[in-house]
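Comments concern the structure below.
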Amino acid sequence: MTTTTTTTAAVIRSGMARGLIEFRQAFSGAELIGQLFWPLVTLGAIYFFRDRSINAGGVTLGTMMFPGVLGMFVAFGMVLVIQLLAADREDGTLLRAKATPGGIPSYLLAKLVNVSLTVVVYLLMVAVPGSFLIDGLETANLRAWLTLAWVLVLGMAATQLLGAALGSMVSSPRAASYIALAVMALTGASGIFYPLTAMPVWLQWVGQASPIYWLGLGMRSGLLPDAAAASEVAGSWRTWETVGALSAWTMLGLAIAPLLLRRMARRESGSRVADRRDRALQRVA
C-alpha cells in the first residue's frame, strides 16, 4: 500500500468519525428541541394545504408542496454548511485543522457527513408522517424511489459543495447570515415549491441557472404523477437535463470547494482568530 493511499484512507476515516461525532452532538440534549421545530412547522403547513385544489393535473396544493419542501430541506444543507464554516473560522477550529496533516480534506468531509446526515433526518421527520397526510403521491412505484435516490444524492452533493465554496469566501458569521438570506431568496425564486412557469420569464431563466430548481424538479418527478408535468417548463420532467445540471454543479463544487477552503485556511493565523474573537466580544458587550 502506497503512502498516498494510506494518507487518503486516514483522511476518510478521520473525516467520517468527526462528522458522526458532530452529528450526534447536534441531535442530543437541548439541541434536539431546536432540530424538531422546522419539521413540525412544515408538517403543519402540509396539513393545512392538503385539500386545496390547483390546476396541475388534478394534484392538490398539499401534494404539489410535498416534494418541494423535501427539496427545501436538501437545499437547506447549503445554508448549514455556510454557517458551520463561518463559525469554525471565527472560533479557530479551521486553524487547528490546518495544523494537522490532511486536516483540511478531513475537515471538509466531516462537514459534508454531518450535514448530509442532518438533512436525511429532516427528510425522514417530514416524509414519513407527511406521506400519511396527503394523497396522490407515487410512493408505491419503484421508479419513484429510484428517482428520489439519485436526486437526493446529486442534490446534496451539488448544494453542499456549493455551500462549502460560498462559506470559504465569508469572513464572519454575520457575513454568512447575509449569504444565507440570499440563498433562501434564491430558493424561493427557483420554483422548488411549485412549477417555475408561474413566474415571469426572466425569473424562470434565473431559477434554471441554480441547482435548487433542478433539485425541486427532480423531487416532483419522483413523487408526482406524470400528468403534473404539464405545468412544468417544456411540459415534461426533463429527467436527463436534471441529471446533467446536478452533475455539473457537483463537479464544479468538487473542483472549487477544496481550493477555496485551502486558500481560506492559508490566510488563517492565531492573531486573526484572536482579533475576530475580540470583535465578537465587543459586539456582545
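How big is the shadow of the Cα convex hull of region 73-176, averaged over all directions, in nm²? All intermediate terms of the calculation are to be shown ahead of the outcome.
Numbers: hull surface 31.1 nm².
Mean projected area of the Cα convex hull: 7.8 nm².
Which values, in whole Å and largest first, are the semi-axes of the equivalent ellipsoid of region 11-115 obtained as the square root of 5 times each eigenvalue of the Cα gyration tensor? If you can, show how the numbers build up before the last one.
Numbers: eigenvalues 277, 43, 24 Å².
Ellipsoid semi-axes (Å, largest first): 37, 15, 11.
Please work out whether region 1-50 counts as rounded, prolate or oblate from its C-alpha gyration tensor, where a ≥ b ≥ c are the square roots of the eigenvalues and a/c under 1.5 means rounded, while otherwise a/b larger than b/c means prolate and anything else oblate?
oblate
Taking the 0 to 90 degree range and rounding to the nearest ten, how far is the long axis of helix 239-266 tilted relative to the main principal axis of the chain, both from C-alpha atoms?
In the chain, helix 239-266 runs at an angle near 20 degrees to the longest axis.
What number comes out for accessible area per residue over the chain if the probe is 1.4 Å? Units Å², please. Don't skip to the answer; put the middle values down first.
Details: 13940 Å² over 285 residues.
Averaged over the residues of the chain, the accessible area is 49 Å².
Compare LEU224, LEU203, LEU148 in a GNM of the chain, Cα atoms joined below 10 Å, and give the one with the largest fluctuation.
Maximum among the listed residues: LEU203.
Using only Cα atoms, tell me the angle between helix 270-284 and the longest principal axis of the chain; keep it within 0 to 90° and round to the nearest 10.
The answer is roughly 60 degrees.
By how many degrees, 0 to 90 and rounded to 10, does the Cα axis of helix 142-167 deviate from the longest principal axis of the chain?
The angle comes out at about 40 degrees.
Roughly speaking, what is the stretch gain from THR7 to VAL128, that is 0.36 nm per residue apart minus the C-alpha to C-alpha distance, in nm to one decimal? Could the numbers behind the result be given before it?
Details: separation 121, 0.36 × 121 = 43.56 nm, distance 4.00 nm.
Taking 0.36 nm per residue and subtracting the Cα distance, the gain is 39.6 nm.
What Kirkwood radius, in Å to one decimal, follows from the Cα pairs of region 137-266? Each step should come with its number before you reach the end.
Numbers: mean 1/r = 0.0640 Å⁻¹.
It works out to 15.6 Å.
Considering only protein heavy atoms and a probe of 1.4 Å, how much of the accessible area of the chain is carbon and sulfur, as a whole percent? Let's see the in-between values first.
Numbers: 9520 of 13940 Å².
C and S fraction of accessible area: 68 percent.
When a/c is below 1.5 the answer is rounded, else prolate if a/b is larger than b/c, else oblate, so apply that to the chain with a ≥ b ≥ c taken from the square roots of the Cα gyration tensor eigenvalues.
Numbers: a/c = 1.91, a/b = 1.76, b/c = 1.09.
Prolate, because a/c is 1.5 or more and a/b exceeds b/c.
The values are calculated or read from the model by the stated rules, or taken from the named source; none is laboratory data. Model, not experiment: these values are computed from the prediction. Just so you know, the surface numbers come from the protein's heavy atoms only, side chains and all, with ligands and any DNA or RNA stripped out. Shrake-Rupley method; radii C 1.70, N 1.55, O 1.52, S 1.80 Å.
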